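Undergrad: Below you will find the structure I want to go over with you.
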Amino acid sequence: MRSFAFTRAKSLAKAIESGAQSKTAQQGADVRFIAGGTTLLDLMKLNVEVPSRIVDINRIGFDQIEKDQDGKLRIGAMVRNADLAHHPLVRAEYTALSEAILSGASAQLRNMATTGGNL
């Protein structure tokens, strides 16, 4: 793995500002965001991704699971897969989703991986 600068975005605006410094957002971008990092770190170890800067976005929010006024489930992009699978509302009303997440990876990966990262 190559050397890289590591920063933590303290707000959504700062994360966007950091990302805008990259020439592209596609594979091979200079700046990459990390939350769980379960895929990015593997790709960096293989030199598939070699960003010069990593921006940690764990502190910018988007980590809530809630029902909206229409009764639809809203899942924030930063919600950890384990938290989603074990959430009481998801277990009660979205059983298939909970079971799919629990069968999709190890507990260690579910504890780190985010729903947004999996998309």
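The values are calculated or read from the model by the stated rules, or taken from the named source; none is laboratory data. Values in this document were obtained by computation on a predicted structure and should not be read as measured data. Here the Cβ is made from the backbone with ideal geometry for all residues, glycine too, and neighbour counts use every protein chain on show. Side chains are part of the model used for accessible areas, which takes the heavy atoms of the whole protein and leaves out ligands, DNA and RNA. Shrake-Rupley method; radii C 1.70, N 1.55, O 1.52, S 1.80 Å.
Undergrad: Going by what's in this entry, would Ala107 be described as within 18 Å of the chain's Cα centre (by Cα), over 20 Å from Phe6 (Cβ atoms) and at pLDDT 95 or above?
TA: Against the criterion (within 18 Å of the chain's Cα centre (by Cα), over 20 Å from Phe6 (Cβ atoms) and at pLDDT 95 or above), Ala107 does not qualify.
Undergrad: Related question: Of the residues Ile65, Ile60, only one is in contact with a helix residue (DSSP H, G or I) (Cβ under 9 Å, 6 or more places away or on another chain), modelled with pLDDT of 95 or more and either of a type outside the set (Asp, Glu) or open to solvent by 90 Å² or more (accessible area, probe 1.4 Å) (or both); which? Walk me through how you get there before you give the answer.
TA: Working: Ile60 fails: modelled with pLDDT of 95 or more.
Exactly one of Ile65, Ile60 is in contact with a helix residue (DSSP H, G or I) (Cβ under 9 Å, 6 or more places away or on another chain), modelled with pLDDT of 95 or more and either of a type outside the set (Asp, Glu) or open to solvent by 90 Å² or more (accessible area, probe 1.4 Å) (or both), namely Ile65.
Undergrad: Pick out the one residue from Arg74, Arg91, Arg32 that is within 17 Å of the chain's Cα centre (by Cα), farther than 19 Å from Arg2 by Cα and at pLDDT 90 or above.
TA: Of Arg74, Arg91, Arg32, the one residue that is within 17 Å of the chain's Cα centre (by Cα), farther than 19 Å from Arg2 by Cα and at pLDDT 90 or above is Arg74.
Undergrad: Which of the residues belonging to region 2-46 are in a strand (DSSP E or B) and either hydrophobic (A, V, I, L, M, F, W, C) or in contact with a Leu (Cβ under 7 Å, 6 or more places away or on another chain) (or both)?
TA: Those that are in a strand (DSSP E or B) and either hydrophobic (A, V, I, L, M, F, W, C) or in contact with a Leu (Cβ under 7 Å, 6 or more places away or on another chain) (or both): Ala5, Phe6, Val31, Arg32, Phe33, Ile34.
Undergrad: Are there any pairs, at least 6 apart or on different chains, whose C-beta atoms fall under 6 Å, with the first in region 1-20 and of a type in the set (A, V, I, L, M) and the second part of a loop (DSSP other than H, G, I, E, B), and if so, which?
TA: Ala9/Ile57; Ala9/Ile60; Leu12/Ile60; Ala15/Ala9; Ala15/Ile57; Ala15/Ile60
Undergrad: Taking the conditions exactly as written (at positive phi and free of Cβ contacts under 8 Å to residues at least 40 places away in the same chain), does Gly37 satisfy them or not?
TA: no
Undergrad: Out of contact with any Phe, Trp or Tyr (no Cβ under 6 Å at 6 or more places or on another chain), open to solvent by less than 60 Å² (accessible area, probe 1.4 Å), closer than 21 Å to Leu119 by Cα and β-branched (Val, Ile, Thr): does that describe Val31?
TA: Yes, satisfied.
Undergrad: So, in region 34-50, how many residues would count as being hydroxyl-bearing (Ser, Thr, Tyr) and open to solvent by less than 80 Å² (accessible area, probe 1.4 Å)?
TA: Summing the residues that are hydroxyl-bearing (Ser, Thr, Tyr) and open to solvent by less than 80 Å² (accessible area, probe 1.4 Å) in region 34-50 gives 1.
Undergrad: Moving on. Just need a number here: residues in region 68-89 that are touching a helix residue (DSSP H, G or I) at 6+ places or on another chain (Cβ under 9 Å), over 14 Å from Gly116 (Cα atoms) and open to solvent by 20 Å² or more (accessible area, probe 1.4 Å).
TA: 3
Undergrad: Let me ask something additional. Could you list all residues from region 1-28 that are open to solvent by 60 Å² or more (accessible area, probe 1.4 Å) and among the aliphatic types (A, V, I, L, M)?
TA: Within region 1-28, Met1, Leu12, Ala13, Ile16, Ala20, Ala25 qualify.
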